[in-house]
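Since the structure comes first, as C-alpha cells, the remarks are kept for the end.
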Amino acid sequence: MKKLLIVFGCALAFVGCTPDDPFAPLPEEPRETLVGEILPFDLSVATRATHRLERDEKLVALLASEIVSLVEFEGQEVSVTGIRRTEKMRELFIVDELHLLSEELADDPNALPKRFSTKNFSFVFPLDWQYSTAPDGTMHFTEKTDDQGRVFLQFSVEPKERRDKKMIPSVSIGEFKGTKSVMGDALGREHQKIVLWSNNSNNKYTFSFTANFEEFDKKKAFFQLLNSFIEGESVVRAAQDEDRRIQAEHEAEKVRALTKPAETEVVEESEPGSAEETIEKEEKEGVLSRIFGSKENIDTDAALEKAAQAAADMPLKDDFTNLIDGKAFPYTSSYLKFSMKAPWGYWFKNVGPTEPLLLQFGFAKHEISGIADSDFILEIVPSERPVTTARERKNDGKLYIEWARDDSSFFRLHGPESTRDAMRSVQSTVKNI
C-alpha cells in the first residue's frame with residue numbers, strides 16, 4: 001500500500017501569510033470633508049454637538065470636536081474634515097481638521113511641515129520637498145524647485161540582518177540607536193548613510209542623504225526629519241492629532257488677527273474719579289470676579305489655602321522612580337508655550353481650557369475619552385499669587401503637586417497617591433518654551 005505524505009505549509013501568496021507591510025497605513029474610519037459656515041448650536045437637546053455647519057442657509061451637519069476649538073470659527077466659511085458618528089439617534093460630524101476658505105485668511109506662512117505616516121512609524125519633512133515611491137517601497141525625495149528632479153534622499157525599511165544585531169551602535173537619535181557613515185566624492189558632495197534600528201520590530205530604517213557642502217538649510221532639514229522620527233501606532237496617532245491641533249490654532253490666530261478691535265486713542269486728560277476711570281475699574285473687577293470670585297471670596301479662599309498649606313505642604317524631593325525613558329512620548333504646545341513627556345504606556349488627552357483653568361490634560365494607562373477617565377490630571381491654574389516654590393500636598397487621599405509657570409498661573413498635577421511616581425515623572429519634564 002502506498003503511503004500519502006501530506007505537507008502542511010504556508011503559501012504566502014494565497015493564505016495571507018505575507019510579513020507585515022511596514023508601509024501599511026493606520027487603520028482609520030472613512031474621513032470626509034464638508035464645506036460651509038460654522039454657527040453655534042444652542043438647542044436644548046442632549047448631544048455632544050456644539051456647532052452646526054450650514055451652506056446656502058441649509059444644515060450640512062452638527063459638529064463636535066476635541067481637537068479644534070470650533071467657537072473660534074463662528075461665522076467663518078471653512079472646510080472641515082472628520083468622521084461621522086451616530087449618538088443618541090442623532091448624526092454628528094466629529095471634526096479633527098479645519099481650514100479657512102476666505103482668500104484673505106487662506107495663506108499660512110507658518111504652515112506645518114508635511115507628515116508621512118504609516119501605522120508603524122512617522123516623520124515630517126519640509127513643504128518644498130516631494131517624494132515618489134519605487135516598486136520596492138523605497139522613497140525618493142526631490143526638491144519641488146529642481147527641474148532636473150535630482151534625488152538627494154532615499155528612505156527604505158528592511159528586516160535586520162544577522163550582522164546588524166552584532167554591530168555596536170555609533171549614533172543615537174531620539175529613542176533610536178543605529179549606525180552612521182559619511183563619505184565625500186570628487187564633486188565635493190557629502191554622502192551620509194544613517195541606519196536606525198526599530199525598538200518594537202525586527203526592521204531597520206535606512207536614510208541615504210546627499211548634499212553639497214554649502215547646502216546648510218537642506219542638512220538642517222534632514223537633521224530635523226531624523227529627530228521627528230517616531231514609532232508605534234498609538235504614538236503616530238497622537239502626533240497626527242497634535243499636528244491637527246496646532247494647525248487649527250494657526251487658523252484661529254488668523255481669525256483673531258482679522259477680528260481684533262482697532263486700538264483706541266488714549267485720553268491723557270482724564271481726571272481721577274472720571275466716568276471713564278470708573279467704567280475701566282468695573283470692567284477689570286468684573287473679569288477678576290468671573291475668574292477668581294468676589295474679593296471677599298478671594299480673601300477667604302486665600303486664608304483657607306494658607307492654613308491648609310501650612311499643615312500639608314512639603315517641598316519636592318527626588319524620592320521617586322522616574323518612569324521617563326527613551327520611549328517616553330514628547331508633547332509640545334506652541335500656544336501655551338510649554339513642553340513635557342508622558343511615560344511609556346500612558347495615554348494622554350488634552351481636553352483644553354475649562355473655566356477657570358487654562359488647561360486640563362488627562363493621563364491614564366488606558367484609552368481616554370474624557371477627563372473623568374484619567375488616572376491623574378495636569379492643569380494650568382490662573383492665580384494672583386504666583387507659586388515660587390515647587391511643593392506637594394495631600395488632601396482627602398489625593399496628592400497635589402504644584403510648581404511655577406509664570407506670574408499669573410502655575411502648573412498643578414493631582415491624582416491618587418499611588419500615581420505619585422508617574423506624576424513626578426511628568427513634572428520633571430515640564431518646561432516653559
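Annotation: of all residues in region 390-424 being touching a residue at least 40 places away in the same chain (Cβ under 8 Å) and of a type in the set (Gly, Ala, Ser), the one that is farthest from residue 320 (Cα to Cα) is 409. When 37, 72 are checked against the criterion of being at pLDDT 75 or above and in a helix (DSSP H, G or I), 72 stands alone in meeting it. Regarding residue 218, is this residue charged (D, E, K, R) and either under 30 Å from residue 359 (Cβ atoms) or without any contact (Cβ under 8 Å) to a residue 24 or more places away in the chain (or both)? Spelling it out, it is not the case that residue 218 is charged (D, E, K, R) and either under 30 Å from residue 359 (Cβ atoms) or without any contact (Cβ under 8 Å) to a residue 24 or more places away in the chain (or both).
Can you find a residue in region 405-421 that is in contact with a helix residue (DSSP H, G or I) (Cβ under 8 Å, 6 or more places away or on another chain), surrounded by 19 or more Cβ atoms within 10 Å (Cβ to Cβ) and farther than 20 Å from residue 353 by Cα? No: region 405-421 contains no residue that is in contact with a helix residue (DSSP H, G or I) (Cβ under 8 Å, 6 or more places away or on another chain), surrounded by 19 or more Cβ atoms within 10 Å (Cβ to Cβ) and farther than 20 Å from residue 353 by Cα. Where strands (runs of 3 or more DSSP E) fall entirely within region 133-243, those with at least 1 residues that are among the acidic types (Asp, Glu) and within 31 Å of the chain's Cα centre (by Cα) are at 139-143, 153-159. Tell me whether region 136-148 contains one or more residues that are loosely packed, with under 14 Cβ neighbours inside 10 Å, touching a residue at least 60 places away in the same chain (Cβ under 8 Å) and assigned by TED's automatic domain parsing to the domain that holds residue 212. Looking for residues that are loosely packed, with under 14 Cβ neighbours inside 10 Å, touching a residue at least 60 places away in the same chain (Cβ under 8 Å) and assigned by TED's automatic domain parsing to the domain that holds residue 212, one finds at least one in region 136-148, hence yes. Exactly one residue out of 22, 27 is more than 21 Å from residue 99 (Cβ to Cβ), of a type outside the set (Phe, Trp, Tyr) and at pLDDT 75 or above, and it is 22.
Scanning region 369-412 for residues that are within 20 Å of the chain's Cα centre (by Cα) and at pLDDT below 80 yields 369, 370.
Of the residues examined, residue 190 is one that is in contact with a Gly (Cβ under 8 Å, 6 or more places away or on another chain), at pLDDT below 95, among the charged types (D, E, K, R) and more than 12 Å from residue 226 (Cα to Cα). Residues that are of a type outside the set (S, T, N, Q), in a strand (DSSP E or B) and loosely packed, with under 15 Cβ neighbours inside 10 Å occur in region 383-403; there is at least one. Can you confirm whether residue 149 is on the phi > 0 side of the Ramachandran plot and at pLDDT below 90? Yes: the conditions hold for residue 149.
One residue stands out in region 404-428 among those that are out of contact with any Ser or Thr (no Cβ under 8 Å at 6 or more places or on another chain) and assigned to a loop (DSSP other than H, G, I, E, B): the one that is farthest from residue 332 (Cα to Cα), namely 407.
The values are calculated or read from the model by the stated rules, or taken from the named source; none is laboratory data. Just so we're clear, the structure is a prediction, and the values are computed from it rather than from any experiment. Here the Cβ is made from the backbone with ideal geometry for all residues, glycine too, and neighbour counts use every protein chain on show.
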